[in-house]
Amino acid sequence: MSFDAQIITLFPELFPGPLGASVIGRGLEKELWSLTTTQLRDFGAGKHKNVDDTPAGGGPGMILRADVLAKAIDAVSGQNDPRPALLMSPRGKPLTQTRACQLAKGPGAIIICGRFEGVDQRIIEARQLEEISIGDYVLAGGEVAAMVLLEAVVRLIPGVLGSEESREDESFENDLLEYPQYTRPQEFEGQFIPGILTSGNHSKVKKWRRQQSINLTRRRRPDLLKRQS
Ligand code: SAH
């Protein structure tokens, strides 16, 4: 079983972009996941293949048309397609590691990238789109957001990362930030690797790391600790 990502976008040439590099790109070559892009304009209305129009009620910018988006979504999703249809949107639920894990265990995702002022509300309701945000700021389009989402998800697919273990202690797994990491040289500009880490005492190392994680999370992201209790 592989994770099948289907992107609907006005800029398919942006893909795979960074998703073609390193472990994520190798996963694509090894067919641990797949990526298909669909040009939204192919489903545009009329001779000029219009995909957008001015906002009802006035205001700046252009809105992607619901009927055009519906045609594109319906063309790419199979009958009883098990994949969730996601809309990248600053109004969406913030992306979390938990949601990334759930998606990674599933059959894939149909991802719609917005542009301009956004999309007609009726398509969100008609196709039950799950709106996902990658943070509290506004991008020019959903493509980079879709790449962020896919990169977070694909690295969780078994076989994509070298070692499965390397994920267990990571930031946000267990709602904690990762402890500080060190490697050679032993001394760097007068700073030394904390002695415990070179002591060879594995249980002490484990305890120290956990304590560091808790301290760091308390200082930087107390909201994560609150989520735990
Ligand atoms: N007028 C909209 C913003 C449109 S930005 C608003 O105020 O909510 C254009 C497109 O970029 C959006 O449709 C969305 O697909 C994408 N986008 C922008 N910011 C994003 C974010 N933080 N997370 C996910 N997608 C985002």
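The values are calculated or read from the model by the stated rules, or taken from the named source; none is laboratory data. Being a predicted model, the structure only gives us computed values, none of them experimental. For the accessible areas, the whole protein counts, side chains as well, though only heavy atoms, and no ligand, DNA or RNA atoms are used. Shrake-Rupley method; radii C 1.70, N 1.55, O 1.52, S 1.80 Å.
Quick one: accessible area per residue over the chain, 1.4 Å probe, rounded to a whole number of Å²?
With all protein chains present, the chain gives 60 Å² per residue.
Over segment 75-147, with every protein chain in place, what whole percent of the accessible area is carbon and sulfur at 1.4 Å, could you tell me?
Carbon and sulfur atoms account for 51 percent of the accessible area of segment 75-147.
Over the chain, how many pairs of lysines fall under 27 Å by alpha carbon, counting only those 8 or more apart in sequence or from different chains?
Lysine pairs meeting the criterion: 10.
Can you list, bin by bin at 5 Å, the percent of alpha carbon pairs in the chain, starting at 0?
Histogram of Cα-Cα distances, whole percents per bin: 1, 6, 12, 14, 15, 13, 11, 9, 7, 5, 3, 2, 1, 0, 0.
Against the longest principal axis of the chain, how steep is helix 142-154, in degrees 0 to 90 to the nearest 10, with axes from Cα atoms?
Long axis of 142-154 versus the principal axis of the chain: about 40 degrees.
Spelling out what I want: for every residue of segment 127-139, take phi, set θ = phi - 60°, compute 6.51 cos²θ - 1.76 cosθ + 1.60 (Karplus), and round to whole Hz; glycine and proline get x.
For segment 127-139, the Karplus curve yields 10, 6, 6, 8, 7, 10, 10, 9, x, 8, 7, 10, 8 Hz.
Over all directions, average the projected area of the Cα convex hull of segment 168-228 and note it in nm².
Taking the Cα atoms of segment 168-228, their convex hull projects to 4.8 nm² on average.
In whole Hz, with x marking every Gly and Pro, tabulate ³J(HN,Hα) for segment 79-91 from phi via Karplus 6.51 cos²θ - 1.76 cosθ + 1.60, θ = phi - 60°.
5, 6, 4, x, 7, x, 9, 10, 10, 6, 7, x, 8
Please state the relative contact order of the chain as a whole percent: Cα pairs under 8 Å, 6+ residues apart?
That works out to 20 percent.
Under a GNM of the chain (C-alpha, springs under 10 Å), which listed residue has the highest mean-square fluctuation: Val51, Val138, Val160?
Residue with maximal mean-square fluctuation among Val51, Val138, Val160: Val138.
Could you identify which residue out of Glu168, Glu131, Glu189 has the top mean-square fluctuation in a GNM of the chain using Cα springs shorter than 10 Å?
Sorting by GNM fluctuation, first place goes to Glu189.
If DNA, RNA and ligands are ignored and the probe is 1.4 Å, what is the ranking of Ser203, Ser163 by accessible area, most exposed first?
Heavy-atom accessible area, descending, gives Ser203, Ser163.
So what are the ³J(HN,Hα) numbers for segment 64-78, from phi and the Karplus equation (6.51, -1.76, 1.60; θ = phi - 60°), rounded to whole Hz, Gly and Pro as x?
Rounded to whole hertz, the list is 5, 6, 5, 5, 5, 4, 4, 4, 5, 4, 5, 6, 8, 8, x.
Against the longest principal axis of the chain, how steep is helix 202-220, in degrees 0 to 90 to the nearest 10, with axes from Cα atoms?
Taking Cα atoms only, the helix is inclined about 50 degrees.
Keeping all protein chains in place and using 1.4 angstrom, which order do Lys204, Lys47 fall into by accessible surface area, from largest down?
Accessible-area ranking of Lys204, Lys47, largest first: Lys47, Lys204.
Please identify, among Gln181, Gln39, Gln212, the residue showing maximal mean-square fluctuation in a Gaussian network model of the chain using a 10 angstrom Cα cutoff.
Gln181
Under a 5 Å amide H to amide H cut-off, with H placed in plane at 1.01 Å, what residues pair with Ser89 once short-range neighbours are removed?
Sorted by chain and number, the residues that satisfy this are Ile132, Ser133, Ile134.
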